[in-house]
Amino acid sequence: MEKKKTLPLDGVRVLDLSYVFAVPYMAGLLSDLGAEVIKIEAPHKLDQTRGRAFGPYLDNDPAQDSWNRSGIFYVVNRGKRSLALDLGQEKGQEIFRDLVRKSDIVLENYTPRVMRKWGLNYDELKKIKPSLIMLSNTGYGSSGPWSAFPSQGTTLEATMGVTFYTGYEGDKPWKVGQSYPDFIACWAGMNALWAAIVHMRKTGEGQWIDCGMYQLGLSLIPEALIQKQLDGTDRPRIGNEDLEHVPSNLYRASGNDQWIALTVDSDERWSKLATLMGQPALAQDKRYATAAARRAHRVEINTLVSAWTASREVTDLTRLLQAHDIASGPVLNSKDLFINEHLQHRGFYERVEHPTPIGPRPIIGRPYRLRFRDAHIKKPGPRFGEDNDAILRDILGMTPEQIAEVKTNKVVCDLPTNPGISGTMDTDMMLRLGTLSAVDKNYRSIMGVDL
Amino acid sequence: MQHALQGVRVLDLSHGIAGPFAARLLGDYGADVIKIEQPGRGDFARYLAPLKTDAAASEQSLLFQYLNWNKRSVALDLRLASSRPVLRKLIENSDIVIESFKPGKLESWGYSVDQLLEWNPTLIVTSITNFGQTGPYAHYRASDLTLQAMSGIMAISGQVDREPLKHGLSQSFYCAGLTGAYASTMAYAAAQVDQFGEHVDVSIHECLASELVLNQSYYGFLGAVQGRRAVVQDPFAGEPIAARKGFLAFQTGGGAPFETLAELFGRPEFREPKFASPPQREKRVPEVRALLEECVQDRDAKEVFLAGASKRILIGMVQSADDLLNCEHLNERQAFAEVAHPATNTHLQFPAELTKLSVTPTKVRRRSPMLDEHRHEILVTQLGLNAAELASLDVVAAPGH
C-alpha cells in the first residue's frame, strides 16, 4: 500500500482562547498545518480584531453584525471554528474541561491571574490531560516584578528595545510597522510549540510554555546589546542607512511618492552603479572608491544617487540595478503587494471563499512553501459563535435539551452580549492627513476577486 | 535535564544571520548541530560587527558568537568533488539540513534537493533565501533595507511628509530565522509520522510581508491604501512621547479605562466627556496630545511607566541596550546568559532564552565554535574517516588553512 504524506497536525485539536494578533495568528497557522482549531470567545468581550479598534469593517459598513465584518479578524483567524463560551461561569469551565480532555493543545493570552482565577491554569488542566501542551503568551511572562503589567505590541516595541534603534537620523526614536512584537511572539511561540510537540510525541509528556513578549525583543537587537558591552557605545539611529555600506538608502524616484531602495555592498558594485549613473569616473574618485571613503561621504553620495533616480521609474531602476547584481527594490504598499507578480507566482496569498456578504478574498498564507505537503487555509474565519451547536453536539455529545439550557443560561451565546461601539473609519479625514493614500472603489476587481 | 530536540541531528550549511540563527534555535532546544563552513574564510558572519579586533581574523565577530552557539564547526569546500563522500555521510546522518545559498547554487555543485533526499529519504531540507526558490525575484539580490522596502512595512512607517522608514538594525534576518526554525521542526515532526522528507522553501521577504495582517485588510476589505504616519500623530498609537528623561509610548483599548490617566497624572481633563471615546479623541488629536506631553515633560519615563503599568494602563517606555542589560524584570526572568569565549577573551551577556518550557527548557550548552574546531571529532571520531581520506580532504580543500 502506498504511504500517504500527512500534514503534521492531522488529527490534532487546538483550543484557542486568545485575542488580537500574536496567539490568534499562531492558531491560524496551526490550522493551515492540519489542526482542528476551536476559537473560544467570551460572550461579553469580543476579540478586539472583531471590533472598531482594528477593523476595517467590510466596505466601511458595520451593518447589523459588525463583529462578523472585520477584515483583520478573517486574516488572522482563518481555518478556525468558533465557540462563544463564558468561562466566568462554572458550567462554562466544566464545558471547557470536557473539551480539554478531547484536545491536545491550549493557547491563551490572558494576564497570568485570569486562568488561575478560573482554575484553568496548566497545573489544573494537566491533571485531566497529562499530555496537554499549553502556551500562555503575556507581555512580560508569568514571573518577575512586571508580570502583572498589561501590554500590547505597540507599546512593547518601545520597551523591548527595537524603537530606540529605529528612526530618522538626528530625530527621536520611532515606532515602525504594525504591532511588530506580536509577530515575533507568534514565531517564537511556534518554535516552542513545535519543540513541545516533538517531545510529547516521543515521551507522551505535555508541558507549559511561558512566553513573555518583552524579552523576545532582546533576540532581535544583539548588535546593540553586544556593542554596549564591548565599548560602552550605542548603535546610532541612522534612518534607512547602513553603518557599513554606502550607499544604502531610499531614494525618490519619478512619480507620486515612489521610492527605490538600494544597497551597494562592495567597491565592485559601486563601480557598476557609477557606470549605470553615467559617471564611471566616480568609481576611481578617491572620495568614493573604497568602502571607508564612501562612509566618510554619505551626504555627497546620497545627493549623487538621488539626482540619478529622481527622473526614473522604480520598476526600470529595479530591473536595471538587479541586472547588475545590485540589491534594490521599490517601496511597495498594500495594493502593490496584492498584485505583485512575484507573490502571485509564489502563491503567497490564498483565495478563500467567505460566505456572503464578504465573498472571495486573497488571504496571507505562510512565508514558506512545502514541496510535498499541502499546507493551506482550510476555510474562512468563523462568524461569532458559528460552531456552537456543532461543537457541543459532535465533540461533547450534548443533547438538544442540554444545548438549549446552556444557551438559556448564557453559558454559550449565539450573539455577543456586549459588542461595544462600532462605527465607520473616517476615510476622508485619513486621506486629508495622508494616513491613507487612496481608497479604491474597484478594489475587488483589482485583486481579481469580483463576485 | 531533558531537551525537546535531543537526538535530532542538524546540518547547518548556511551563512550570515537568518540561516545560522534558525539552526542555533534548534540547537537551543537540544539538537546536535554541525556547522559546515568554507575552508579558510568560514561563514561571512565571522566578519560582521561588533568585532573584537585583537582576536584572530576569523574569530573577531561577537555577533557570530550569538548566532552560532550550540554548534560544532567543520570546514569543508562543497565546490570540490573530494568533499562529496564526506557530505554524503553527513547528509545520511542528519535529520534536518538548513541552507541559504542562492537558489540553484547547491544543485550546481551536485547537491540538488532530489539528490539529498535520495541519500536520506526522511531528510528535511530548509532553504532560507531572500525571495524563495521560485518566482521572478528568486535571483534578486537583497539587503535588510530592500527587503523591508518590498515587504510593505516601510510604506506605512515614518512621517507622511518625510521618506518611508525601516526598522533599525537587521530585523529581516531575525524574523526569517525564527520562521525557518519552527518550519524545520514542523516538517521534522511531519516526517517522523509519515517517513517522507520535505523541502521547506522559506522566503525572507514573505516573512516580513506576513506581518501586515492589518494593513492588508485595509485594502482587502475596503480598498484603502494605508500611508505613513500623520504629522501630528494620535498620541495613543505608540509614537514615543518625550518625557524629562526618556520617551514613553501609550495605547488605549485594553487594561484600564481611559479616565485612569486622570488619576495617574492628577489631571481631571482626562475625565472630560470630549475625550471619552476613541472617535471623540481622534477628532481632537492635537489637543489631547498637548495635554499628554505636558503631563510627562517633568517626569522620568521609567517612573511614569512603572506607575502607569501598575494602574493597568497600556504604556511602554523606550529602552536602550543599557536599560535592558540592567532591567530588574529581565534579570529576574534570567533572560540573559553569560557566554565566555576564549578566542576573544570575552564573557558577554547574551539574550539566551526566548520562551520558558516547563519540562524541556532551552539552554546554551556550548559556546560558538572556532572555524573548523571540531574537524577531528566529527570527521574521524563520528564519521570514521581514515587517515588517508582525511589527508586527501586537507590537501585539496584547505590550502591556506
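For segment B:336-349, which residues satisfy the criterion of being facing chain A (nearest Cβ under 7 Å) and touching a strand residue (DSSP E or B) at 6+ places or on another chain (Cβ under 6 Å)?
B:GLN349
Has segment A:413-433 got at least one residue that is away from every other protein chain (no Cβ under 12 Å), charged (D, E, K, R) and either surrounded by 15 or more Cβ atoms within 10 Å (Cβ to Cβ) or farther than 28 Å from B:ALA224 by Cα (or both)?
Looking for residues that are away from every other protein chain (no Cβ under 12 Å), charged (D, E, K, R) and either surrounded by 15 or more Cβ atoms within 10 Å (Cβ to Cβ) or farther than 28 Å from B:ALA224 by Cα (or both), one finds at least one in segment A:413-433, hence yes.
Which condition number does B:THR146 fail, the rest of (1) assigned to a helix (DSSP H, G or I); (2) touching a strand residue (DSSP E or B) at 6+ places or on another chain (Cβ under 7 Å); (3) under 23 Å from A:VAL20 (Cα atoms) being met?
Going through (1) assigned to a helix (DSSP H, G or I); (2) touching a strand residue (DSSP E or B) at 6+ places or on another chain (Cβ under 7 Å); (3) under 23 Å from A:VAL20 (Cα atoms) one by one, B:THR146 breaks only (3).
Determine if segment B:295-313 includes at least one residue that is in a loop (DSSP other than H, G, I, E, B), crowded, with 20+ Cβ neighbours inside 10 Å and under 26 Å from the mean Cα position of the chain (by Cα).
No, there is no match, as no residue in segment B:295-313 is in a loop (DSSP other than H, G, I, E, B), crowded, with 20+ Cβ neighbours inside 10 Å and under 26 Å from the mean Cα position of the chain (by Cα).
Checking A:GLU223 against (1) in contact with a Leu (Cβ under 6 Å, 6 or more places away or on another chain); (2) assigned to a helix (DSSP H, G or I); (3) touching a residue at least 40 places away in the same chain (Cβ under 8 Å): exactly one of these is not met. Which one?
Of the numbered conditions (1) in contact with a Leu (Cβ under 6 Å, 6 or more places away or on another chain); (2) assigned to a helix (DSSP H, G or I); (3) touching a residue at least 40 places away in the same chain (Cβ under 8 Å), the odd one out for A:GLU223 is (3).
Just for segment B:233-276: of the residues that are free of Cβ contacts under 8 Å to residues at least 40 places away in the same chain and of a type in the set (A, V, I, L, M), which one is surrounded by the fewest Cβ atoms within 10 Å (Cβ to Cβ)?
So, considering only residues that are free of Cβ contacts under 8 Å to residues at least 40 places away in the same chain and of a type in the set (A, V, I, L, M), the one surrounded by the fewest Cβ atoms within 10 Å (Cβ to Cβ) is B:ALA276.
Which condition from (1) within 15 Å of B:GLN159 (Cα to Cα); (2) free of Cβ contacts under 8 Å to residues at least 60 places away in the same chain is the one that B:ALA230 breaks?
(2)
Check B:PRO20, B:PRO50 and return the single one that is assigned by TED's automatic domain parsing to the domain that holds B:GLY104 and touching a residue at least 60 places away in the same chain (Cβ under 8 Å). Give the steps one after another, and end with the answer.
Working: B:PRO50 fails: touching a residue at least 60 places away in the same chain (Cβ under 8 Å).
Result of the check over B:PRO20, B:PRO50: B:PRO20.
Tell me, yes or no, whether segment A:164-176 has at least one residue that is within 7 Å of chain B (Cβ to nearest Cβ) and either in contact with a Cys (Cβ under 8 Å, 6 or more places away or on another chain) or over 30 Å from A:VAL299 (Cα atoms) (or both).
No: zero hits.
Residues A:THR399, A:THR356: which one is among the hydroxyl-bearing types (Ser, Thr, Tyr) and within 17 Å of A:LEU58 (Cα to Cα)? Show your work before the answer.
Details: A:THR399 fails: within 17 Å of A:LEU58 (Cα to Cα).
From the options A:THR399, A:THR356, the qualifying one is A:THR356.
Among the residues that make up segment B:62-73, is at least one of them within 25 Å of B:TYR182 (Cα to Cα), assigned by TED's automatic domain parsing to the domain that holds B:VAL125, within 17 Å of the chain's Cα centre (by Cα) and of a type in the set (Ser, Thr, Tyr)?
yes
Yes or no: segment A:103-117 includes at least one residue that is more than 27 Å from the chain's Cα centre (by Cα) and either away from chain B (no Cβ under 13 Å) or aliphatic (A, V, I, L, M) (or both).
yes
Can you name every residue in segment B:53-63 that is surrounded by 24 or more Cβ atoms within 10 Å (Cβ to Cβ) and touching a residue at least 24 places away in the same chain (Cβ under 8 Å)?
Correct list: B:LEU62 only.
For segment B:176-268, which helices (runs of 4 or more DSSP H) that fit wholly inside it have 2 or more residues that are touching a Gly at 6+ places or on another chain (Cβ under 6 Å) and within 7 Å of another protein chain (Cβ to nearest Cβ)?
B:213-222
B:TYR66 versus (1) touching a Phe, Trp or Tyr at 6+ places or on another chain (Cβ under 9 Å); (2) buried (at least 18 other Cβ atoms within 10 Å of the Cβ); (3) without any contact (Cβ under 8 Å) to a residue 60 or more places away in the chain; (4) not aliphatic (A, V, I, L, M): which is the lone unmet condition?
(3)
Please count how many residues of segment A:367-401 are polar (S, T, N, Q) and surrounded by 14 or more Cβ atoms within 10 Å (Cβ to Cβ).
Here the count works out to 1.
Find the strands (runs of 3 or more DSSP E) located wholly in segment A:290-399 whose residues include 1 or more that are farther than 30 Å from A:LYS410 by Cβ and more than 9 Å from chain B (Cβ to nearest Cβ), and list them. I'd like the intermediate steps shown before the answer.
Working: elements: A:327-330, A:349-353, A:360-364, A:368-370.
In segment A:290-399, A:349-353, A:360-364 are the strands (runs of 3 or more DSSP E) which contain 1 or more residues that are farther than 30 Å from A:LYS410 by Cβ and more than 9 Å from chain B (Cβ to nearest Cβ).
The values are calculated or read from the model by the stated rules, or taken from the named source; none is laboratory data. Quick caveat: nothing in here was measured; it's all calculated off a predicted structure. Note: ideal-geometry Cβ built from the backbone for every residue, glycine included; neighbour counts use all protein chains shown.
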